[in-house]
Structure formats: structure tokens, C-alpha cells
Amino acid sequence: MNLRGFHHVAYRCNDARETVDFYREHLGMAFQYAFAEDHVPSTGEYNPYMHVFLDAGNGNVLAFFELPQSPKMGRDENTPVWVQHIALKVENRAALLASKTRLEAAGIEVLGPVDHGIFDSIYFFDPNGHRLELAADKGTDEQLQSLNQVAEDMLDEWSRTRQAPRHAAWLHENKSQK
């Protein structure tokens, strides 16, 4: 199989209009398409929906479903809120900091930047409660190669012990939120 990337990634939203407006206004995403049906094409079940598609850059598409006749949207309460998130790449640290300033000026609470060694990130929530991350790469080719070389060993050790391997501890040692 020769995968070509993601066609789109889809999440649920509370309100399609509010969601499109948020992503256009705060992240500069272009609204591409909207599909709406009363019956789900893949299953035939009756479940009216609005499916919206936003351009996340470089051929990446972020999509949302509004399902007004389904039970209220929730989240997996057994998973910490920081685990499930949508991470979007920005050009550099200056763009990351400018985004933080813009989001905070719009009244959006932002965490970070957080130094992850090979990239810096900020975190915030969309109106649906989805955690968003903006990330600015900064890792060197050598750092990325080093991480790649220990990835399999780290996974093997984790699988055996369920303890955090220390192979890449340098990523977060002596780092703090700024």
C-alpha cells in the first residue's frame, strides 16, 4: 500500500456554523465543503447530519459532523483531557507566539509555549471542547535521527515494563512552561 497522507480527519461538533467560524477566525482555515444528508451513506441509518470540511494547509483537511438528533456530545472520561488533541503545524516560533497573542486577545485561554525539545507548542480548546495544539518544529536533523534510532528500543522496553524508557529523556529534561 502506498498511502498519500490523510484525506481528512473528522470529529464531532456541537454547532457546524460556530465551528467553521472559530476555525476560520482563529486559525485562518478556509471552509471548503459541506455535505448534509438524512441517512448515513455507509450504513443507511437515519441520522441527519451536517459534515463540514476545513483546509488545514498542505492538502490536509479537518472535518466535523454536527449530529442534532444524536445524544449530546461528550468525551471519554477515562482518558485525560491532554491526551486526545488535534496538533497543527505553524511555520516557526515567531508564528507560534503571534498565534498565542492573537488567541488570548480574542479571550481564548492558552497554555504554553511548552518546550518539547524538537518543537514548541501552545494548547487551547475549540468551542466543542476539542483540545488544539499549535506546534513549531525546531529539531535538528541529528536530533530527529537520534529519536528515530531509539524508537524501536523504547517501544520494546515500554511493552515489557510499562515504565517510561529514558532513551529520549533529553527532550523534556530541565524544561518548563514559559
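Only beta bridges with both residues in the chain are counted; by DSSP, about 70 percent of them are antiparallel. Return the whole-Å distance between the Cα centroid of the stretch 42-60 and the Cα centroid of the stretch 140-169. What the calculation gives is 36 Å, centre to centre. Only one residue of His26, Phe53, Met1 has its Cα farthest out toward the positive end of the dipole of the stretch 1-89, where Lys and Arg carry +1 and Asp and Glu -1 on Cβ, and that residue is Met1.
Global dimensions of the stretch 1-70 from alpha-carbon coordinates: Rg and Dmax equal 13.1, 38 Å. With the cut-off at under 17 Å, measuring from each backbone N in the stretch 124-157 to a point 7 Å along the Cα-to-Cβ line of Val9 picks out 124-137.
With +1 on the Cβ of every Lys and Arg and -1 on the Cβ of every Asp and Glu, and nothing else charged, how large is the dipole of the chain about its Cα centre, in debye rounded to the nearest 20? Walk me through the numbers on the way to the answer.
Numbers: 17 positive and 26 negative charges, 54 e Å.
That gives the chain a dipole magnitude of about 260 debye.
Close Lys pairs in the chain, defined as Cα atoms under 30 Å apart and 8 or more places apart or on different chains, number 9. Amide H contacts of Cys13: Phe65, Glu66, Leu67, each under 5 Å away and 5 or more positions distant or on a separate chain (H built 1.01 Å from N in the peptide plane; Pro and chain starts excluded).
So for the chain, averaging the separation of alpha carbon pairs under 8 Å that are six or more residues apart and normalising by length, what relative contact order in percent results?
Values: 263 pairs, mean separation 31.3, N = 178.
Averaging sequence separation for qualifying contacts and normalising by length gives 18 percent for the chain.
Would you mind estimating how fast the stretch 42-93 diffuses translationally, via Stokes-Einstein at 37 °C and 0.692 mPa s with the Kirkwood radius over Cα pairs, in µm²/s? D = 228 µm²/s.
Report relative contact order for the stretch 24-81 in percent, whole number only (criteria: Cα-Cα under 8 Å, sequence separation at least 6).
It comes to 26 percent, rounded to a whole number.
Between Phe35 and Ala95, what FRET efficiency comes out of the Förster formula 1/(1 + (r/R0)^6) with R0 = 35 Å and r the beta carbon distance, rounded to 0.05? Walk me through the numbers on the way to the answer.
Numbers: r = 32 Å, r/R0 = 0.90.
Efficiency, rounded to the nearest 0.05: 0.65.
Of the chymotrypsin sites (Phe, Trp or Tyr not before Pro) found in the stretch 1-75, those that fall in a DSSP loop while having at most 13 other beta-carbon atoms within 10 Å are Phe6. The longest stretch of the chain left intact once loop-based GluC sites (Glu not before Pro) with at most 12 other Cβ atoms within 10 Å are removed from consideration, loops following DSSP, is 110-172.
In the distance distribution for the chain, Cα-Cα pairs more than 25 Å apart total 47 percent. With each label modelled as a point 7 angstrom along the Cα→C-beta vector, the Arg166-Gln143 pair spans 2.1 nm. What is the helix-to-structure angle for 93-105, meaning the angle in degrees between its Cα long axis and the longest Cα principal axis of the chain, kept from 0 to 90 and rounded to the nearest 10? Between the helix axis and the principal axis of the chain, the angle is about 50 degrees. Applied to the stretch 134-149, the Karplus parametrisation 6.51 cos²θ - 1.76 cosθ + 1.60 on θ = phi - 60° returns per-residue 3J(HN,Hα) values of 10, 10, 10, 5, 8, x, 7, 4, 5, 5, 5, 5, 4, 5, 4, 5 Hz, with x for Gly and Pro.
Throughout, read-outs are computed from the coordinates displayed, never taken from laboratory work. Predicted model only: the values in this text are computed from it and were never measured. Cβ: placed from backbone, ideal geometry, glycine included. Neighbour counts: every protein chain shown.
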